[in-house]
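Values in this text are rule-based calculations from the coordinates and carry no lab data. None of these values were measured; they are calculated from a predicted model. Glycine also receives a Cβ, built like all others from the backbone with ideal geometry; neighbour counts cover every protein chain displayed.
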Amino acid sequence: MAEKENKKTPDVQNWNSVEKVIFERRSVRKYRDKQVPENLIRRVLEAGRFAPSAGNCQPWKFIVLRDKEMINEMERDVIRLCKVFKFLMDWRRPGLIGKIAWLNAQVSIRLMPNKLHPIPFGAISLIADGKLGVFHGAPTIIFILKDRRGVGNPDLDCGICGQNMVLAAYSLGLSTCWIGFAILLAYGPKWKRRLGIGFPYELVEGICIGYPVGNPNGIIPRETHEIDWYEHGEKKTMF
Ligand SMILES: Cc1cc2nc3c(=O)[nH]c(=O)nc-3n(C[C@H](O)[C@H](O)[C@H](O)COP(=O)(O)O)c2cc1C
């Protein structure tokens, strides 16, 4: 994990246009009620299509969702699931219920250590309590499905593909936010059936896209990470 107290803005002079996109893009959680033109979404998808992948397997498929009613219905379903997770695992409650929840959480954390890390668990509670949105009012969602037959690590390929799309979207004047909680939709049969998701595909992530309310993008300081640098027979440690 990064050292939280050691934050810096980008240490780069005279950025080029790609670096500007990388440094200024932020995850946006409030969108205008205005649909993104189809041609821009197609350009974003093209950026995904041209991502590198192990063995050039391109182990992905995209689902584009621009139907407000369906997005709202998904949002309600994710909130409902977050409430269930919170009920089963929120050990902060007093008495026996709290103890049972603690046991549930202990078992689940061991089974899903990344998914139930304190940060996503905190977000699940916020979503359940209506304090954090799921799709943030965005008019378009791109779901990335992974082809499980991809060589190596198809999840990683899908991440690279998504990052291409996120950066391309920002370069086109759009804002985005990755939606990890979208995978909750794959926990039951309803959305798998409605979206036609079946072998070899598996829902990996969602990315919401739209026009931001205000201007939330821009440079922020970020944690530095130790870098081991080997050169001329020496090891240097830098940040
Ligand atoms: C794989 C992935 C899943 C994420 N899931 C969510 C999510 O479900 N909801 C959300 O509001 N933000 C989500 N985020 C956004 C992160 O919180 C955000 O990238 C991080 O706080 C850094 O902020 P920045 O993107 O503005 O630099 C996700 C990001 C990634 C890469």
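What size of dipole, in debye to the nearest 20, comes out for the chain about its Cα centre when the only charges are +1 on Lys and Arg C-beta atoms and -1 on Asp and Glu C-beta atoms? Don't skip to the end; give the middle numbers.
On the way: 36 positive and 25 negative charges, 192 e Å.
For this selection, approximately 920 debye.
Each of Leu111 and Arg194 was given a label point 7 Å from its Cα along the Cα-to-Cβ line. The distance between the two points is 2.5 nm.
Label-to-label distance for Asn56 and Arg149 is 1.8 nm, based on points extended 7 Å past Cα in the beta-carbon direction.
Kindly state, as a whole number, the per residue volume in cubic angstrom of the convex hull around the alpha carbon atoms of the chain. Before the final figure, lay out the partial values.
Numbers: hull volume 43.5 nm³, N = 239.
It is 182 Å³ per residue.
Ellipticity at 222 nm from helices only: DSSP H runs of n ≥ 4 in the chain, each -39500 (n - 2.57), divided by the residue count, give -12500 deg cm²/dmol. With K and R counted +1 and D and E -1, the other residues having a Cβ less than 10 Å from that of Ala101 yield a net charge of +3. Subtracting the Cα-Cα distance of Arg66 and Val12 from their residue separation scaled by 0.36 nm leaves 15.7 nm. Modelled spin-label separation between Glu226 and Asn104, with each label point placed 7 Å from Cα along the Cα-to-Cβ direction: 3.9 nm.
Listed values for segment 74-79 are Karplus-derived 3J(HN,Hα) couplings in whole Hz (6.51 cos²θ - 1.76 cosθ + 1.60, θ = phi - 60°), namely 4, 4, 4, 5, 5, 4, and x replaces Gly and Pro. Treating segment 74-128 as a set of equal point scatterers at the Cα positions, no solvent, please give the Debye-formula log₁₀ I(q)/I(0) at q = 0.13, 0.17, 0.23 Å⁻¹. For segment 74-128 at q = 0.13, 0.17, 0.23 Å⁻¹, log10 I(q)/I(0) is -0.30, -0.50, -0.87. Pairwise Cα separations in segment 138-177 fall into 5 Å bins from 0 onward with the following percentages, short to long: 6, 21, 26, 21, 13, 9, 4.
Counted by Cβ distance under 15 Å from Val204, the other residues give a net charge of +1, where Lys and Arg count +1 and Asp and Glu count -1.
If you rank His225, His232, His136 by fewest surrounding Cβ atoms within 10 Å, what's the result? Walk me through the intermediate numbers first.
Numbers: His225 10, His232 5, His136 19.
Listing His225, His232, His136 from fewest to most nearby Cβ atoms yields His232, His225, His136.
Ranked by the mean number of other Cβ atoms within 10 Å of their residues, highest first, the peptides 90-97, 159-166 come out as 159-166, 90-97. Selection among Leu88, Asn217, Ala105 by position relative to the dipole of the chain gives Leu88 as farthest towards the positive end (Cβ unit charges, Cα centre).
3J(HN,Hα) along segment 146-152: 9, 8, 4, 7, x, 6, x Hz, from the Karplus curve 6.51 cos²θ - 1.76 cosθ + 1.60 with θ = phi - 60°, whole Hz, x for Gly and Pro. What does the charge add up to near Asp147, with Lys and Arg as +1, Asp and Glu as -1, over the other residues with Cβ less than 10 Å from its Cβ? My count for the surroundings of Asp147 gives +2. Applying a DSSP loop filter and a limit of 15 other Cβ atoms within 10 Å to the trypsin sites (Lys or Arg not before Pro) in segment 123-230 leaves Lys131, Arg148, Arg149.
The 3J(HN,Hα) values that the Karplus relation (6.51, -1.76, 1.60; θ = phi - 60°) gives for segment 18-29 are, in residue order, 5, 4, 4, 4, 4, 6, 8, 4, 10, 6, 10, 10 Hz. Gly and Pro appear as x. Annotation: the residues Ser17, Ser108, sorted from fewest to most other C-beta atoms within 10 Å of their own C-beta, follow the order Ser17, Ser108.
The GluC sites (Glu not before Pro) found in segment 164-239 that occupy coil by DSSP, while having at most 11 further C-beta atoms within 10 Å, are Glu226.
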